[in-house]
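Here's the structure, in C-alpha cells; my notes come after.
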Amino acid sequence: MKNNTNSKASDEPTNHAASTIDISRIDGNTKAYIDAACQNSANMIIASIRALFDQHAAMQSATINKLNTRIDQCFKWLQTQQSQQQPLKPQENPRHDHDLDITAQQQKTLHQQQDAGHNYTFNATTTHKEKQTKQGSPSQQDGVIAIRKRSRPQKFTDIAEWLLAFRAYMEAILIIYGLREQELNSYRNHINTLCIKQEFFAIAAYDEDRCLHLTTSCNSTLFERNIEAEGENFDVTTTKKQRTIANLRNTKGDITWQDGRQICINWNRKGCSDDNNCKRVHACLICRKIGHPERRCFFNKQVSPKQMDNCNDPTK
C-alpha cells in the first residue's frame with residue numbers, strides 16, 4: 001500500500017512555483033559570490049546601454065552640425081549669386097541671422113533667395129549635353145562674361161574605331177567585374193545591329209546617352225532598352241537609305257519562255273547544232289518572239305520598252 005501511494009504521488013505534476021529557496025540556509029561566501037556576479041552583469045548591461053545612447057547622441061549631433069554647416073554654405077552661395085545678379089544699394093545691409101522676428105524686407109529677401117535657388121537647379125543629362133555642344137571660350141566685355149560657341153570634334157568617325165575602343169574598355173572592366181562579360185557582349189551586338197539601319201553619328205550620340213544614363217541610374221544595366229535615348233537620337237533623317245538595284249528588263253539569267261520551257265541560248269548566239277531535235281524554244285531572249293535571235297533586236301532596235309513588257313506578259 002505504501003508503494004502504491006508513492007507511485008501515485010510521483011505521477012502527479014510537481015508545482016515548481018511553490019518550491020522556493022531558503023536564503024537563510026545559504027552561507028555567506030556563496031551569497032556574496034552570487035551578489036557580486038549579479039552586480040557585475042547588471043553593471044555591464046547598464047554600461048552597454050549607456051554607450052549605445054552616447055554613440056547615438058554623438059551621431060545625431062554630428063549630423064545636425066553637418067546640416068547646419070551645409071545650410072550656411074547654401075545661404076552664403078545664394079547670397080553671393082544674388083549680389084552678382086542685382087547690385088546692392090549702399091543703404092542696404094542684409095544680415096544672416098536666425099532670429100524668429102524678421103521684418104518685411106527680410107521676408108522679401110528670403111523669397112528672392114528661394115527663387116534664385118530654384119532657378120539654379122539643373123538636370124545632369126542636360127548639363128552634360130550642353131557642356132559637349134558648348135565649349136566655352138570666355139571673354140569679358142563690359143563686365144559681362146560671354147561664352148562663344150565652337151564646334152566640338154566627334155570622338156569616333158566609324159564603327160571600327162568604336163569597336164576598338166569598346167574592346168579596350170571591356171578588357172579593363174572584366175578585370176574587376178568578370179561576371180559582366182555577357183552584358184557587354186550583348187550591348188556590342190546591339191550597337192552592331194543598329195549600324196545596319198542607322199547612321200553612325202546617331203549611334204555615337206545614342207551610345208553617349210546610354211553611358212550617361214548608367215551613371216545617373218545605378219540600378220540599370222546594358223541589357224535594358226532605353227526608349228528615351230532611341231527617340232532622341234533616331235528618326236527618319238538618321239535612317240540609312242536602302243540602295244535598290246534596278247531590275248533589268250531582260251537579264252541573261254532569265255531564259256524562261258511563256259509556257260515555262262527554256263529559251264535556247266545557243267540558237268540566239270551562234271546557232272543550235274541540234275536544230276530539229278532541240279527541246280528548247282528557239283525564240284529571242286529580248287522580245288520573246290519566235291523567228292529571230294536576240295542580235296536582231298540589238299542592232300535594229302525594233303522593239304520599244306513598252307512592246308517588250310507586252311511580250312513578256314503571258315496574259316497579253
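Is at least one residue of segment 257-278 surrounded by 13 or more Cβ atoms within 10 Å (Cβ to Cβ), modelled with pLDDT of 80 or more and within 30 Å of Gln182 (Cβ to Cβ)? No, segment 257-278 has no match at all.
Only one of the numbered conditions (1) at pLDDT 85 or above; (2) basic (Lys, Arg); (3) farther than 21 Å from Thr238 by Cβ is violated by Lys197, and that is (3).
Can you confirm whether Thr215 is out of contact with any Gly (no Cβ under 7 Å at 6 or more places or on another chain), assigned to a helix (DSSP H, G or I) and not acidic (Asp, Glu)? Against the criterion (out of contact with any Gly (no Cβ under 7 Å at 6 or more places or on another chain), assigned to a helix (DSSP H, G or I) and not acidic (Asp, Glu)), Thr215 qualifies.
Please list, ordered by first then second residue, the pairs with beta carbon atoms under 7 Å, 6 or more apart or interchain, first in segment 58-79 and touching a residue at least 12 places away in the same chain (Cβ under 8 Å), second of a type in the set (Gly, Ala, Ser) and part of a helix (DSSP H, G or I). Every condition considered, the pairs that remain are Leu78/Ala116; Leu78/Gly117. Looking at Ala229, is it part of a helix (DSSP H, G or I), farther than 17 Å from Trp162 by Cα and among the small types (Gly, Ala, Ser)? So Ala229 passes the test.
The requirement of being in a helix (DSSP H, G or I) and either surrounded by 14 or more Cβ atoms within 10 Å (Cβ to Cβ) or at pLDDT 85 or above (or both) is fulfilled nowhere in segment 235-249; no residue meets it.
The values are calculated or read from the model by the stated rules, or taken from the named source; none is laboratory data. Not measured: the values here are computed from a predicted model. Reconstructed Cβ throughout: ideal geometry from the backbone, glycine too, with neighbour counts over all protein chains shown.
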